[in-house]
Every structure is written in structure tokens, then in C-alpha cells.
Amino acid sequence: KEWKKKQIRKISDKVYERITVQSGSATLTFENLYIAVLLVYNDINKLLPGPHFDPPSKEQVRSMMQECDFNLDGELDHEEFVEFIQRLTTDTLIVVSQGLIVTLVVAPTVAMTTKKATEGVPGVGKVVQKLPNSIYASLVTLAIVLFQTSREEYVFRAGLTIQRPTFLELRYRIINLW
């Protein structure tokens, strides 16, 4: 749990710094906050294992912004932004945790089941029998993790082959949507 919080904090800090440096403001307006949320979710989808997570709607962001604007100035400072992102990503982290549990608990069980099933297969069976259970389970688990990661990377690359927009381009697109 702490690892996930640290990862989200790193992502939040990096995005906050990027937005504030590019905008020239020490706080985030709603428009900049929404851009920051999109960037945070982009980083979460790239860096954390598990399924792709869709960012919240503008209405959800606006509502949560009001909840996290503790000094009631209509903008979020750094600590308000961190709290905002922590609240926003709580469910995301639960899904990531469940994915890791499935990988780390189910994969070794599947490995041992497949080992027993393949022991009788000519050619393969003798090799499988010679491998210690711990090594076989580790290899199968590693293969599953690599498969999940490569599949997610393929989906990410296939879906986002365009160049990543700059902060100003994102802001322009969002302002034009309103």
C-alpha cells in the first residue's frame, strides 16, 4: 500500500511541477487541474501494472476540486493537489493491487498444475520433472507477468501512436471543448 502511495505521489509531484512551470502559476485553475488529471492517468496507465484506467469526467473533477480546495480560493495548491489525486486514485490502486495478487498467487498455482499435467508429455515431461518446483513456478509467473506487460505495452502503443501533446496543446484542446 505504501509503495503505491509513493508511486502516486511521485507521479503527482512530477505532473504538478510540469503544469505550474509551463503555466507560470503556483496553483492550478480548473482547466490546468483537468489537464493535470489527464497527465496523471496517462502516467498511471504507463507505469503501474494492471488494466487501462479512464480518467474521470470534467464534472467529477470539478466536484472533487471543490472538496479539496481547503483554503477556498478556487484553485489547488501543491498539497491540495496531492490530496485530490490520492482521493481520485483510491479505486485505481485497489484494482492494481488485485491484479498483483492474482499474478503473484494464482500464477504459481497454475504453474504447479501445468507442471503435473505436462510431466506425462513425451519429450517435455522429462525436462519438466527435472526442474525444481520453485524454479518452475517462478518461470511461469515471470512468463505471465511479461505477457501481461507486453500486452499492455502493445495496447498502449497501438492506441497512442501519435506524438504526445504539449501542455499548451492540451489546454487549447480542452478550452475549445467548452
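Quick notes
- Here the calculated FRET efficiency for LYS58 and GLN22, from their Cβ-Cβ distance with R0 = 22 Å, stands at 0.60, rounded to the nearest 0.05.
- Region 1-98, accessible surface, carbon-and-sulfur percent (1.4 angstrom probe): 52 percent
- Order of exposure, largest accessible area first, which applies to LEU39, LEU72 with probe 1.4 Å: LEU72, LEU39
- Computed from point charges on the beta carbon alone (+1 for Lys and Arg, -1 for Asp and Glu), the dipole magnitude for region 1-98 about its Cα centre is near 580 Debye.
- Point-to-point label distance, ILE135-THR29, nm (Cα→Cβ direction, 7 Å offset): 6.3 nm
- Cross-link partners for LYS116 among the lysines, with Cα-Cα distance under 29 Å and sequence neighbours closer than 8 places in the same chain left out: LYS126, LYS130.
- What the Cβ-Cβ distance of TRP3 and VAL121 gives, at R0 = 41 Å and to the nearest 0.05, is a FRET efficiency of 0.55.
The values are calculated or read from the model by the stated rules, or taken from the named source; none is laboratory data. What you see is a predicted model, and the numbers here were worked out from it, not measured in a lab. Here Cβ is always computed from backbone atoms with ideal geometry, including for glycine, and neighbour counts include all displayed protein chains. Ligands, DNA and RNA are stripped out before the accessible areas are found, and what is left, the full protein with its side chains, is counted by its heavy atoms. Shrake-Rupley method; radii C 1.70, N 1.55, O 1.52, S 1.80 Å.
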